[in-house]
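Notes to accompany the following structure.
The values are calculated or read from the model by the stated rules, or taken from the named source; none is laboratory data. Because the structure is a prediction, the values reported are computed rather than measured. Quick reminder, even Gly has a Cβ in these numbers, built from the backbone with ideal geometry, and neighbours come from all protein chains shown.
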Amino acid sequence: RSVGMATSWEKMELIQPGEAHPLLPNPVKDSALLSAGDRYQELSKRVKQGYGEFTAESAIELMSRPVAMKSNLHNVLFEPKSTKLWVANASSDGKPAANQKYYGFQLSELLKRKPDSSAPVYPMPTGQAVSQKTE
């Protein structure tokens, strides 16, 4: 089950699938759609048009321009039932992730891997204060 999250240092809001929000006025059944302005409107339109018919390939198109911003660094599509995921990253010359090749991975297989025993081990940073706001 998906949820949308709107977070800041002050609060965290959960947006349930199919739930409207003042910034997300066009909910789609069984979906948590997050974006803003015209990009949100386009995403909502795309999801409604393909509802119930999406494949991994067509779902990737949900993240294409103009839904993805020009500054889009990473895109990931995750298929929970199969644990497959596809990842695209922005290019070194600044072209958005949405315009790059997607690489597929099998998450369940990746999680079975053990680190190479010769791989360096990096200690956690010390001396960095972590604070929490208390009332």
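At-a-glance table
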| quantity | calculated |
| --- | --- |
| Close pairs (9 angstrom Cβ cut-off, 6 or more residues apart or separate chains): at positive phi in segment 94-120, among the hydroxyl-bearing types (Ser, Thr, Tyr) and surrounded by fewer than 10 Cβ atoms within 10 Å (Cβ to Cβ) anywhere | Gly94/Ser71 |
| Selection status of Lys112, modelled with pLDDT of 95 or more and loosely packed, with under 12 Cβ neighbours inside 10 Å | yes |
| Matching option when the condition is modelled with pLDDT of 95 or more, surrounded by 13 or more Cβ atoms within 10 Å (Cβ to Cβ) and either in the same structural domain as Tyr103 (by TED's automatic domain parsing) or farther than 20 Å from Leu14 by Cα (or both), among Glu42, Glu53 | Glu42 |
| Tally, over segment 58-91, of residues that are within 14 Å of Tyr103 (Cβ to Cβ) and part of a loop (DSSP other than H, G, I, E, B) | 2 |
| Looking only at segment 14-31, and only at residues there that are under 16 Å from Gly52 (Cβ atoms) and surrounded by 12 or more Cβ atoms within 10 Å (Cβ to Cβ), the one that is nearest to the chain's Cα centre (by Cα) | Ser31 |
| Yes/no for Ala59 being surrounded by 13 or more Cβ atoms within 10 Å (Cβ to Cβ) and small (Gly, Ala, Ser) | yes |
